[in-house]
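The values are calculated or read from the model by the stated rules, or taken from the named source; none is laboratory data. Computed from a predicted structure; not experimentally measured. Don't worry about glycine lacking a Cβ; one is built from the backbone with ideal geometry, like all the others, and counts go over all protein chains shown.
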Amino acid sequence: MSVSSEVLGYVVSEESYADKAVIVKEGSVGDWVYVILKGRVKIKKQTSGGLLTIDTLSEGNFVGEMAMLKHSNSKRTAWAVADGPVELGVLDSVRLAQEWESQPPKIKKLISNLIQNIEKSTQKAADMIEASK
Amino acid sequence: MTKTKGKNPPVVTLNYSKGDLIIKEGDYGISIYEIISGKVGIYVESGGTETSVAVLGPGMIVGEMAFIEGNTKPRSASARALEDCCLEVWHPAMLLDAYKKMPDILRLITGQALKLIVRMNKRVVELSLKQGPSKDGQTQELSDQWTEERKCFRKKVSLDCVFRPVNSPKKVKLIGRIRDISKGGLQMTVKTSGLLNYTLASGDELFISTNFTLDQKVNMTAKVARLQKENTGDMISLGMVFTHLDPDDRRRLGFFLMP
């Protein structure tokens, strides 16, 4: 999937990461959102048995969007780690936040609910993988 | 059971009892529900087993995935009342305009989130099937209780219909009027003088055709469960239970019944 020009319009800076470099740390605070311009990013969840890969994202995918769309706190819910060299576009967080905030309450509720459900089912999958070890 | 607040399009609240099915996986439905009170369990079926993928409580939304997918796909999971529940039903028309006007980037992010949750739910189901029924009752065999018909929205209508007993010649066209209809059946009234030489009794099966909208013809097969003479004498009222509906007709009915 390539990055649409619409999305590129939000990119305010670019960052490069080497293989295995940490982009986002689970539990840290931050709500900026990235779009993958080149390369792959692994999303990992902390379990007592170590880090567990739950998803692999590629070009055009977003990283860090969950913290932005939740309305409660902006703690990172998972690790994002470079899988090979990666180039990321940092999205204009002020503009994104404004656009998000200007959505009707029901739309915001619907989407933040979706994000909460992802966290629940990701946690559940992680717990089960751990239990099965 | 229903209460209408505000107007155009109305916000409806529905009450469900413990064990009631709210959404059935595989159905076509477009309503979105917000939980006002009670707990709702989300289940995905695979290989005859239902796996719990989430338990949702007050303030949370049920049924949003079909909306985000543009209502083109059937429900990806079932939702069941784990205790007595009150839900507010949102008609998607309330949200569609706003969703369309949303900046592309927010829609793209939402789309990615949706794909992720579908994949995560699938993973939970695979894992729980591999591990077998767990102690906390995460999975369970489908039983009668879990496959029972969903508690339906019964809609009051006044629809002309034509019908005939299933064993009568195709050209027979008797006239009736449907008074209310749900996913499980309907109630209709018939003028006895219009029955020609036919008599109707409990247990009789009828072919019924009607139009939900001008150009949308729907065929149904239903059995007479209850037969009652109206006070006026010339009218009988038939309580009917569906015995057969084609998938397309079932879908049309689903849309028609949407709160």
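Listed here are the strands (runs of 3 or more DSSP E) enclosed by segment B:169-259 that have at least 1 residues being of a type in the set (Lys, Arg), exposed (fewer than 12 other Cβ atoms within 10 Å of the Cβ) and out of contact with any Asp or Glu (no Cβ under 8 Å at 6 or more places or on another chain): B:216-229. In segment B:73-83, the condition of being modelled with pLDDT of 85 or more, touching a Lys or Arg at 6+ places or on another chain (Cβ under 8 Å), farther than 27 Å from A:Gln103 by Cβ and not small (Gly, Ala, Ser) is met by at least one residue.
No other residue among A:Gly84, A:Gly60 is more than 11 Å from chain B (Cβ to nearest Cβ) and either of a type outside the set (A, V, I, L, M) or part of a helix (DSSP H, G or I) (or both) apart from A:Gly84. For segment B:98-134, the set of residues classified as among the β-branched types (Val, Ile, Thr), at the interface with chain A (Cβ under 7 Å from one of its Cβ atoms) and under 30 Å from A:Glu99 (Cα atoms) consists of B:Ile105, B:Ile109, B:Thr110, B:Ile117, listed by residue number.
Residues that are β-branched (Val, Ile, Thr) and within 21 Å of A:Val94 (Cα to Cα) within segment A:16-52 comprise A:Ile23, A:Val24, A:Val29, A:Val33, A:Val35, A:Ile36, listed in sequence order.
Applying the condition of being more than 7 Å from chain B (Cβ to nearest Cβ) and part of a helix (DSSP H, G or I) to segment A:102-112 and asking which residue is farthest from B:Ala77 (Cα to Cα) yields A:Pro105.
Within segment A:63-77, the set of residues being outside any strand (DSSP E or B) and either surrounded by fewer than 22 Cβ atoms within 10 Å (Cβ to Cβ) or touching a helix residue (DSSP H, G or I) at 6+ places or on another chain (Cβ under 7 Å) (or both) comprises A:Glu65, A:Met66, A:Ala67, A:Met68, A:Leu69, A:Lys70, A:His71, A:Ser72, A:Asn73, A:Ser74, A:Arg76, A:Thr77. Is there a residue in segment A:6-21 that is in contact with a helix residue (DSSP H, G or I) (Cβ under 7 Å, 6 or more places away or on another chain) and more than 14 Å from chain B (Cβ to nearest Cβ)? No: zero hits.
When the residues of segment A:113-133 are filtered to those that are assigned to a helix (DSSP H, G or I) and more than 9 Å from every other protein chain (Cβ to nearest Cβ), the one that is nearest to B:His91 (Cα to Cα) is A:Glu119. Is there a residue in segment B:64-71 that is in contact (Cβ under 8 Å) with a residue 12 or more places away in the chain, closer than 27 Å to B:Phe256 by Cβ and over 18 Å from the mean Cα position of the chain (by Cα)? Yes.
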